[in-house]
Amino acid sequence: MTAGTRHGQHMARIIDIRADRQAALEAACAALSDGFAIAMPTETVYGLAADATNPAAITRIYETKGRPRFNPLICHMADLEMAEQHAEFDPVSRALAEAFWPGPLTLVLPLRPASPIHALATAGLDSVGVRVPKGFAGTLIGAFGRPLAAPSANTSGAISATSAAHVEADLGARIPLILDAGPSAVGVESTIVKAEDGRLRLLRPGGLAAREIERVAGQPLLRAKKASAAIEAPGMLASHYAPGASVRLNATKVEPGEALIAFGGAAVEGAREARIALDLSPRGDLAEAAANLFDYMKRADASGVSSIAFSPIPDDGLGEAINDRLQRAAAPRD
Ligand code: TXA
Ligand code: MG
């Protein structure tokens with residue numbers, strides 16, 4: 001595979017799937033067969049994808065991201081039929097899969113003992129996080145024929161990538177191929193749920209609003225107490241999605257020289273003296289805000305400020321996922 005060179009560094013080849021789907025499919029299948037990790041667009045965020053049955057390939061994911069190996073990876077499937085080969089579905093989980101796949105929902109399910117998914121992908125757990133992504137990723141997995149392990153395509157702890165340019169800036173020198181499908185439609189990672197004796201636990205709020213899941217399941221989601229979230233979904237707690245600047249939440253005024261990220265057209269005191277002022281959704285649409293979140297965080301950070309102030313964001317619908325990410329971005333760093 002040929003890749004470009006920039007500033008003396010080897011850079012990833014970028015293929016726009018909208019320009020040449022076939023070339024993208026072929027290059028991606030070849031790289032995955034050779035055990036590489038590549039950047040794959042999904043409707044939530046860009047993923048760093050590798051063959052979930054190949055230990056050397058999975059090792060590349062952890063090394064490329066600098067990700068702790070106790071943090072299991074989501075295994076992406078082409079469809080429910082493929083997922084059934086690797087995981088055991090209880091009735092509630094199957095109903096959710098039928099309602100929301102392909103889409104931004106990850107189900108944590110018992111791993112079938114005969115599944116060829118490697119223990120490095122599941123971090124040795126007897127469960128597996130599975131999801132069927134929307135769009136080109138589903139087609140790619142179908143063509144490749146095996147599940148793809150894929151965390152978000154960013155350095156561990158940094159802000160997730162929602163465009164090919166984000167991936168290139170972060171991981172471009174470390175991976176051979178980036179598939180470009182334009183900006184991610186949803187903009188935050190999938191919602192993760194786990195069924196336990198017929199009850200559903202929310203492990204991570206995400207791009208599918210909890211109330212949508214509750215409507216189909218006919219039951220409220222059990223939410224982990226904040227303090228026990230680390231045990232529910234390993235590697236989920238504390239500092240994450242962290243920009244270089246510090247993050248200040250629920251700001252009602254902005255200090256001179258700070259960056260401001262507002263919501264819903266809110267008038268914020270001092271906004272005119274902010275270094276940069278952005279609004280996640282002037283019309284107050286939480287789906288639009290989610291889609292803009294990581295890109296705006298990166299833009300605010302790139303303006304060189306030492307602090308980013310965020311306006312309050314409602315906690316309903318996709319606001320739950322947005323506030324979850326902001327709290328992690330604001331958490332003390334180690
Ligand atoms: O939208 C998404 O989910 C994106 C795109 C690329 O699909 N992927 C993603 O993966 O966000 P990642 O690796 O950044 O997040 C996976 C989360 C982690 O918090 C991990 O702890 C949890 O899923 N997880 C994976 N397998 C699990 C399991 N068996 N039990 C509990 N949590 C699990
Ligand atoms: Mg991530």
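The values are calculated or read from the model by the stated rules, or taken from the named source; none is laboratory data. From a predicted model like this one, the values you see are computed outputs, not experimental measurements. No Cβ is skipped: glycine too gets one built from the backbone with ideal geometry, and neighbour counts run over all protein chains shown. These accessible areas exclude ligands, DNA and RNA; they are computed on the full protein's heavy atoms, side chains included. Shrake-Rupley method; radii C 1.70, N 1.55, O 1.52, S 1.80 Å.
Please work out which one of (1) over 30 Å from Ala217 (Cα atoms); (2) open to solvent by 30 Å² or more (accessible area, probe 1.4 Å) is the condition Tyr62 fails and give its number.
Looking at each condition in turn, Tyr62 falls short on (2).
For the structure I just gave you, tell me whether Arg18 is in contact with a helix residue (DSSP H, G or I) (Cβ under 8 Å, 6 or more places away or on another chain) and assigned to a loop (DSSP other than H, G, I, E, B). Steps first, answer last, please.
Details: in contact with a helix residue (DSSP H, G or I) (Cβ under 8 Å, 6 or more places away or on another chain): no; assigned to a loop (DSSP other than H, G, I, E, B): yes.
Taking the combined requirement at face value, the residue does not satisfy it.
How many of the residues in the range 130-176 are more than 13 Å from ligand 2 (Cβ to nearest atom) and among the hydroxyl-bearing types (Ser, Thr, Tyr)?
Going residue by residue through the range 130-176, those that are more than 13 Å from ligand 2 (Cβ to nearest atom) are 130-148, 163-165, 168-169, 172-176.
Still in the running and among the hydroxyl-bearing types (Ser, Thr, Tyr): 139, 163.
Matching residues across the range 130-176 total 2.
Please find, within the range 239-284, the residue that is modelled with the lowest pLDDT out of those that are open to solvent by 50 Å² or more (accessible area, probe 1.4 Å) and more than 22 Å from Pro314 (Cβ to Cβ).
Ranking the candidates gives Gly244 first.
Would a scan of the range 137-149 turn up a residue that is within 14 Å of ligand 1 (Cβ to nearest atom), open to solvent by less than 40 Å² (accessible area, probe 1.4 Å) and part of a loop (DSSP other than H, G, I, E, B)?
Taking the range 137-149 as the starting set, the residues that turn out to be within 14 Å of ligand 1 (Cβ to nearest atom) are 137-138, 140-141, 147-149.
Filter once more, keeping what is open to solvent by less than 40 Å² (accessible area, probe 1.4 Å): 137-138, 140-141, 147-149.
Now restrict to residues that are part of a loop (DSSP other than H, G, I, E, B): 147.
Yes - at least one qualifying residue is present in the range 137-149.
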